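Asker: Below is a structure I'd like to ask you about.
The values are calculated or read from the model by the stated rules, or taken from the named source; none is laboratory data. Since the structure is predicted, the reported quantities are computational estimates derived from the model, not experimental observations. All Cβ positions, even for glycine, are placed from backbone atoms using ideal geometry, and neighbour counts span all protein chains on display. Quick note on the areas: whole protein, heavy atoms, side chains included, nothing else; ligands and nucleic acids left out. Shrake-Rupley method; radii C 1.70, N 1.55, O 1.52, S 1.80 Å.
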Amino acid sequence: MAELELSKEDRERLTRLVQDYTRDELDQDIGNMEAGFLLDRLIGPLGTVFYNKGLRDASALFARRADDMADELYAMERINPVDR
């Protein structure tokens, strides 16, 4: 997996979320730099978990859809009168 890179907007939004959490839940005010460092530390491990979960979900969806297509194709088959 390539290293996860956030857009500037996403990074700013997530940094604010980290700051809000530490302020509201931990009674700690941290600056942008500290929140950014924490975000950088968490992105790798969390990103990997969510990325892999997304791949498994997509794979399961693809498998279900492939099964549906196989069923529909089977239903479309015609019986050869010679085989009866």
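Asker: With an 8 Å Cα cut-off and a minimum separation of 6 or more residues, compute the relative contact order for the chain in percent. Kindly include the intermediate steps, with their values, before the conclusion.
Answerer: Details: 24 pairs, mean separation 19.1, N = 84.
Reported relative contact order: 23 percent.
Asker: On average, how much accessible surface per residue is there in the chain, in Å², for a 1.4 Å probe, leaving out ligands, DNA and RNA? Each step should come with its number before you reach the end.
Answerer: Values: 7650 Å² over 84 residues.
Solvent-accessible surface per residue comes out at 91 Å².
Asker: Output the 0 to 90 degree angle, nearest 10, between the alpha-carbon long axis of helix 32-76 and the longest principal axis computed from the alpha carbons of the chain.
Answerer: On a 0 to 90 degree scale, this one is about 10.
Asker: Leaving out ligands, DNA and RNA, what percent of the accessible area of the chain is carbon and sulfur, probe 1.4 Å? Please list the in-between numbers first.
Answerer: Values: 4290 of 7650 Å².
C and S fraction of accessible area: 56 percent.
Asker: Still on this model: Starting from the Cα coordinates of the range 17-66, work out the convex hull volume and express it per residue in Å³. Let's see the in-between values first.
Answerer: Numbers: hull volume 4.4 nm³, N = 50.
Taking only Cα atoms, the range 17-66 has a hull volume of 87 Å³ per residue.
Asker: Now, a different point. Working from Cα positions, state the angle (0 to 90°, nearest 10) between the long axis of helix 8-26 and the longest principal axis of the chain.
Answerer: For helix 8-26, the angle is close to 60 degrees.
Asker: Additional query: Among L39, A58, N80, which residue has its Cα furthest toward the positive end of the charge dipole of the chain, with +1 on Lys/Arg Cβ and -1 on Asp/Glu Cβ?
Answerer: N80
Asker: Would you mind computing Rg(Cα) / (2.2 N^0.38 Å) for the chain, counting N as its residues?
Answerer: Values: Rg = 24.2 Å, N = 84, 2.2 N^0.38 = 11.8 Å.
For the chain, the normalised Cα radius of gyration comes out at 2.05.
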